[in-house]
Amino acid sequence: MASRSDRNPPITPPLIDLPINTHDRGFYDGFSREVTIPAKIIVSLLIMWAIFFPVSANETLTAANSTIISAFRGWYVYVVAFFMAICFILAIIPGTGTLRIGAQDDRPEFSRFSWFAMLFGAGIGIGLLTYSTGEPLSHFTDNPEIIRGAVESQSAEAVPSAYMYTFLHWGFAPWATYALVGLAIGYIAYRRGLPLTIRSALAPLFGKSMSGMAGHLVDIVAVVATILGVAVTMGLGVEQFVAGLARLGLGDWLLDPDGSSSATAVVIALLVLVGASTLSALSGVGKGIKWLSNINLGLSFLLLTLFLVAGSTVFGLELLGFGIIDYLRTLVPNALTIFQDTGSPVSGELVQWQLDWSVFYWAWWIAFAPFVGMFIARISRGRTIREYVLGVVLVPSLMCFVWMTLVGGTAIDLELSGAAQGAIVNTGMADQLYATLAVLLDPAFAYIFSGLIVILLMTYLITSADSAILIVNTINGAGDTEGERRWHILFWGAALAFVVGSMLILGGIDAIRITMIIGALPFSLVAALMGVSIVKAVVFDLIRRHYGVPTTEAGCAAMLAEEERKAAMPKKPGTA
């Protein structure tokens, strides 16, 4: 009886060759000029537009934002729900969950501690420091339940809904978006020997056409989205970094009269932070970024320990338990709800709330996804799909929930008890974490821990920026993760600093947010195609495995070698 491998299988081996033209000499040695030069031009034009034509840039961005975010809000909501569904389906199904990112005998390069540290630092660290108090307090003041009149603003009854929406934004949605992009890149690149770049993730759908102009366009879109997505995170971090320096008493010149960072403070902060991140990027993932990520995680747990010991721990743990239950109970309807403006004041407020919060977040996660996804793929080789999804989606989500309830819960409890007297909720978001410490601790301890937050912000900013610089160079270098291209690292470091600085000075963090939402739109289509592509790749690999067809680069090479050996054998007399 013939074995499965002896039959004529109904499926062919996967594509294991996706050539990308790279220059072989000069300044662009090892780079795809068709990707690198257009990406540099687009980012440079954006910077010059913001610097030399600030009024025009501000007006145009505002008009584009109101048009794009309103027209595509439904698309953002549904595509992120699609990402979550795909990730959990691939992890839960027994056959797909056991497939490995790489060859079946590949094992992870990094320990789980270092893996989680790098996931946490690159994926969300800065935003969590800003929003751990800022988001729960914002929803404590205004959320859909308050807008509908179901609960009173800044009351104890408003707390559950505040955390339901906080968890919606910081739970599975961001991490599933990152996980899907990273899985599509890593699974297809490492199993099939393709370049570790965005276009490779679409090879199961479009084949070798990804070697040409279509592939160049995909990588250009990813580079621009990465720079703009990281710019939002950097902008938030710089604002909070400067607010911390002001809290430490380093001078009134740091802040403008409205409480925002002064132009001088922004420039100096970016010179220090991006300069340090560029130096770290030159040392590579295994050195500077790994070292800084471990420091980030250690300092983060030290800060969290403070809130466990001195904060509203019981209140926070109650919020954590009930919040997770409410989140899971309402996840599907909340993830699929699109508020409609029916002409009433309440419906208009609901639509605007969703645009300001949920849609902004979904666009941010999508814009951040090429950077974080590439980075996660880079550090996740050797893990199974199930371990990967559970590690990338569930563990960081739970850490975000813990942070939001212990830190943000302490801030809310101080306001509910009257101890804060509005000192936390009425200050700017960048300053709310410091304000919480000022109410919670004696002045000396508040000063010490404010200094810790400034240091933690600095290390998170450096980690995010240097990771982004390396990922952009990897995309431009057709997936090459090893070469040191110092001048290109310096260019992207400077470009990131100019984007953040020009936008902060132009219109504050809102200008960066608007630019990012616009930049995220093209990549959202790419990411959706990546979701379809990884499903096709996994399903076809299961079919190949059933028929004994190789699914990895090594397996295909062995099959080809065997066919060549058989072809080279002398034929027996009398055979055709």
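The values are calculated or read from the model by the stated rules, or taken from the named source; none is laboratory data. Owing to the predicted nature of the structure, the values given are computational and were not obtained by experimental measurement. So basically every Cβ, Gly included, is an ideal-geometry build from the backbone, and we count neighbours across all protein chains shown. Side chains are part of the model used for accessible areas, which takes the heavy atoms of the whole protein and leaves out ligands, DNA and RNA. Shrake-Rupley method; radii C 1.70, N 1.55, O 1.52, S 1.80 Å.
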Exercise. Check Phe339: other-chain or 5+ apart residues with amide H under 5 Å from its amide H, H built from backbone geometry?
Worked result: none
Seminar exercise, completed: Taking the chain and counting helices only, DSSP H stretches of n ≥ 4 at -39,500 (n - 2.57) each over all residues, the nearest-500 ellipticity at 222 nm comes to -24000 deg cm²/dmol
Seminar exercise, completed: Taking Cα pairs closer than 8 Å and at least 6 residues apart, the relative contact order of the chain in percent is 34 percent
For this session: Tabulate in residue order the Karplus-calculated ³J(HN,Hα) for the range 465-477, using 6.51 cos²θ - 1.76 cosθ + 1.60 with θ = phi - 60°, rounded to whole Hz; enter x for Gly and Pro.
Result: 5, 6, 5, 5, 4, 5, 5, 4, 5, 5, 4, 5, x
Problem set entry | Under 30 Å, Cα to Cα: Lys pairs in the chain, sequence gap 8 or more or different chains | 5
For this session: Could you calculate the contour length gain from Ala71 to Thr12, that is, 0.36 nm times the residue separation minus the distance between their Cα atoms, to one decimal place in nm?
Result: 17.1 nm
Exercise. Which cross-chain or sequence-distant (5 or more) residues have an amide H under 5 Å from the amide H of Leu255, H modelled 1.01 Å from N in plane?
Worked result: Ser262
Problem set entry | Gap separating the Cα centres of the range 141-195 and the range 301-371, nearest whole Å | 6 Å
Exercise. By the scheme Lys and Arg +1, Asp and Glu -1, what is the net charge of all other residues having a beta-carbon under 10 Å from that of Gly95?
Worked result: 0
For this session: For Thr313 and Glu59, calculate 0.36 nm times their separation in residues minus their Cα-Cα distance, and state this gained length in nm to one decimal.
Result: 86.9 nm
Problem set entry | Karplus (6.51, -1.76, 1.60) ³J(HN,Hα), θ = phi - 60°, over the range 184-201, in Hz, Gly and Pro reported as x | 4, 6, x, 4, 6, 5, 6, 6, 10, x, 8, x, 7, 8, 4, 4, 4, 5
Exercise. Assuming R0 = 56 Å, what is the FRET efficiency of His23 and Ser153, from their Cβ-Cβ distance, to the nearest 0.05?
Worked result: 0.45
Exercise. Taking H as built 1.01 Å from N, whose amide H comes closer than 5 Å to the amide H of Thr384, not counting residues under 5 places away?
Worked result: Ile101
Problem set entry | Trp403 accessible area, 1.4 Å probe, all protein chains in place, Å² to nearest 10 | 10 Å²
Problem set entry | In Hz, Karplus ³J(HN,Hα) per residue of the range 39-48 (6.51, -1.76, 1.60; θ = phi - 60°; x = Gly, Pro) | 4, 5, 5, 4, 5, 5, 5, 4, 5, 5
Seminar exercise, completed: Residue span Asn294 to Val539: 0.36 nm per residue of separation minus Cα-Cα distance leaves a gain in nm of 84.5 nm
Problem set entry | Solvent exposure ordering (accessible area, 1.4 Å, most first) of Tyr78, Tyr28, Tyr131 | Tyr78, Tyr28, Tyr131
Exercise. Based on the Cβ-Cβ distance of Lys208 and Leu279, what FRET efficiency does E = 1/(1 + (r/R0)^6) give at R0 = 41 Å, to the nearest 0.05?
Worked result: 0.60
Exercise. How many percent of the accessible area of the range 177-314 is carbon or sulfur, using a 1.4 Å probe?
Worked result: 71 percent
Exercise. So what does Glu239 come to for accessible area, using a 1.4 Å probe and Å² rounded to 10?
Worked result: 40 Å²
